[in-house]
Each structure stands twice: as C-alpha cells, then as structure tokens.
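Structure record follows, encoded as structure tokens.
The values are calculated or read from the model by the stated rules, or taken from the named source; none is laboratory data. Being a predicted model, the structure only gives us computed values, none of them experimental. As a convention, Cβ positions derive from the backbone with ideal geometry for all residues, glycine included, and neighbour counts pool all protein chains shown. In case anyone asks, the SASA skips ligands and DNA or RNA and just uses the protein heavy atoms, side chains included. Shrake-Rupley method; radii C 1.70, N 1.55, O 1.52, S 1.80 Å.
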Amino acid sequence: DIVMTQSPDSLAVSLGERATINCKSSQSLFYSSNNKNYLAWYQHKPGQPPKLLIYWASTRESGVPDRFSGSGSGTDFTLTISSLQADDVAIYYCQQYYRSPDTFGQGTELEI
Amino acid sequence: QVQLVESGGDLVKPGGSLTLSCAVSGLTFSDYYFSWYRQSPGKRLEWVAYINSEANNMYYADSVKGRFTISRDNTKSLYLHMSSLRADDTAVYYCSHLGYWGQGTRVTVSS
C-alpha cells in the first residue's frame, strides 16, 4: 500500500493567519498519461462525514471557500488555508487514490 | 445526486456479530470501488476495508483482518459483516467512494 505521512500532527493558528499542512506519499502520485496527481484533501469535523475540499491535488471542490488551496506534485503536497476562520477547526486528511486501496494520512488537527 | 446511506449499526456484546449495509444511488454502482472507514471515540479516521468494482479484490486493515468481510451485490448495496467484535470496534462506520460519503452508522460493542 502507498503510505501517506502528514505533518504536523497538530497545528495552532491564530484567526486570520495562514495554516499550512504537508503530506508526503511513499511513491509518486503523478500519472503522466493524464498529467494528474491522484491526491485529495478532506476536512473532518466531529459527528460529520469527511468533506472533500480538494482533488487532483489542486482542484477545489464546488462550494469550498477559495481560502483553501492545494499544491504540489509527485510525492509532496500542501494544503493551505490562507486566512483561518473559526469554522475551519477540524482534522484534515490527505488521501491518495493513485493505487487501490485508497490510503489516508494520519490527519492534522487544526486549532485556533 | 450521489447518495450513500449506511444502516445496521447497533449495540452488540463482545464476541458478537453484526452486518452493516450501505445503499448507493446516483452513480453506476457496478463501475466503482468502495471502502468502509470508521472513527472511534477520540480517535482519527481509520480505513477498514476495500472492495473493487468486480468484487474479486478485497483488502482489509490489519485490525479487522479475519474478523470482518466486505461484500457487494447487484442491488447497489455494499456490506460489512463483522464478527468476533471487540470493544475497540466501537465506532461510527462510514461507506465511501472517493469524495462521496454516507452519514455513518454507529456500532457500540459493550456488555
């Protein structure tokens, strides 16, 4: 299985400041035939299912605020929240879907 | 609109069995793979099991291997049969395909 490793495990950021979460995969998630990275980011709040934020490493899901952005390629990826809002408190996960089974990182807990 | 609806969660005694179901609509069920995930109280999301579109390839987390069985049928349903349940299997269980998730069903293992 492809191993996904996130850093940091937890992060405290002030309201209005930038939050950056990193994700590293044990092998490249880039598929050259379609020029895409098979990497997604999710937001998970207690009592709710995970919410898809970003797919193809940098494509924002419909309805997701533009303060969320994804970047990176190959094995190294980043989720950035440009200006933290109180509603962004959650655990964030990266997920690879390059090879089955899909695998998640261990999660990053984001606090104010 | 894609919908995944889990059911079957319950309170069960240690050593007992339970089968969860997930009804899928809004996509061509037979074309897609699915997974079960769970979140135990105070813990992070954990992948549990995977089944491919043809139901001939299944994977399991080490924590459930030999006790849980994932399956699917032609009625657009996904299943998770759980046996030899333990207290640490207590969790909300979700079915999922990529960005699509159900609301979850709660399993509590307690005497």
Checklist outcome for this item: Of the convex hull drawn through the C-alpha atoms of chain A, the volume per residue in Å³ is 94 Å³
Checklist entry - Hey, what's the Cα Rg ratio for the range B:1-77 versus the globular rule of thumb, 2.2 N^0.38 Å? => result 1.16
Item to check | Surface accessible to a 1.4 Å probe, B:THR90 within the full protein complex, Å² | outcome: 30 Å²
Checklist outcome for this item: Along the range B:14-30, Karplus-curve 3J(HN,Hα) (6.51, -1.76, 1.60; θ = phi - 60°) to the nearest Hz, with x for Gly and Pro, reads x, x, x, 10, 7, 10, 9, 10, 9, 8, 10, 9, x, 8, 6, 3, 5
Item to check | Percent accessible area from carbon and sulfur atoms, the protein assembly as shown, protein chains only, probe 1.4 Å | outcome: 45 percent
Checklist entry - Counting only the backbone N, which residues of the range A:1-43 are under 12 Å from the spot 7 Å out from the Cα of B:ARG44 toward its beta-carbon? => result A:4-11, A:22-24
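What total accessible area, in Å², is buried where chains B and A meet, using a 1.4 Å probe and rounding to the nearest 100? Display every interim value, and only then the final one.
On the way: alone 6100 and 5870 Å², together 10470 Å².
Accessible area lost upon association: around 1500 Å².
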Checklist outcome for this item: For chain A, averaging the sequence separation of alpha carbon pairs under 8 Å that lie six or more residues apart and dividing by its residue count, the contact order in percent is 38 percent
Item to check | Spatially proximal aspartates and glutamates relative to B:LYS65 (Cα-Cα < 20 Å; intrachain offsets below 8 disregarded) | outcome: A:ASP1, A:ASP102, B:GLU46, B:ASP88, B:ASP89
Next on the checklist: Need the C-alpha centroid separation for the range A:25-67 versus the range B:11-65, integer Å.
Outcome noted: 21 Å
Checklist entry - Hey, got the dipole for chain A? About the Cα centre, +1 on K and R Cβ, -1 on D and E Cβ, debye to the nearest 20? => result 300 debye
Item to check | At R0 = 35 Å, FRET efficiency that the Cβ-Cβ distance of B:LEU11 and B:ASP73 yields, to 0.05 | outcome: 0.85
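Keeping every protein chain in place, order A:TYR31, A:TYR55 by accessible area at 1.4 Å, biggest value first, i.e. largest first.
Working: A:TYR31 105, A:TYR55 70 Å².
So the residues, ranked largest to smallest area, are A:TYR31, A:TYR55.
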Next on the checklist: Rounded to the nearest 10 Å², what accessible area does A:THR5 have for a 1.4 Å probe in the complete protein model?
Outcome noted: 80 Å²
Checklist outcome for this item: In the range A:76-112, accessible area falls by at least 20 Å² from chain alone to full assembly (1.4 Å probe) for A:ILE91, A:TYR93, A:TYR97, A:SER100, A:PRO101, A:ASP102, A:PHE104, A:GLN106
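Please grab the % of Cα pairs in the protein assembly as shown that end up more than 28 Å from each other. It would help to have the intermediate numbers written out before the result.
Values: 7498 of 24753 pairs.
Above the 28 Å cut-off, the protein assembly as shown has 30 percent of its Cα pairs.
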Checklist outcome for this item: Sequence order, the range A:93-99: Karplus ³J(HN,Hα) from phi using 6.51 cos²θ - 1.76 cosθ + 1.60, θ = phi - 60°, Hz rounded, Gly and Pro as x, gives 10, 9, 9, 9, 10, 6, 9
Item to check | Size of the range A:5-67 as Cα extents on the principal axes (Å, biggest first) | outcome: 40, 26, 25
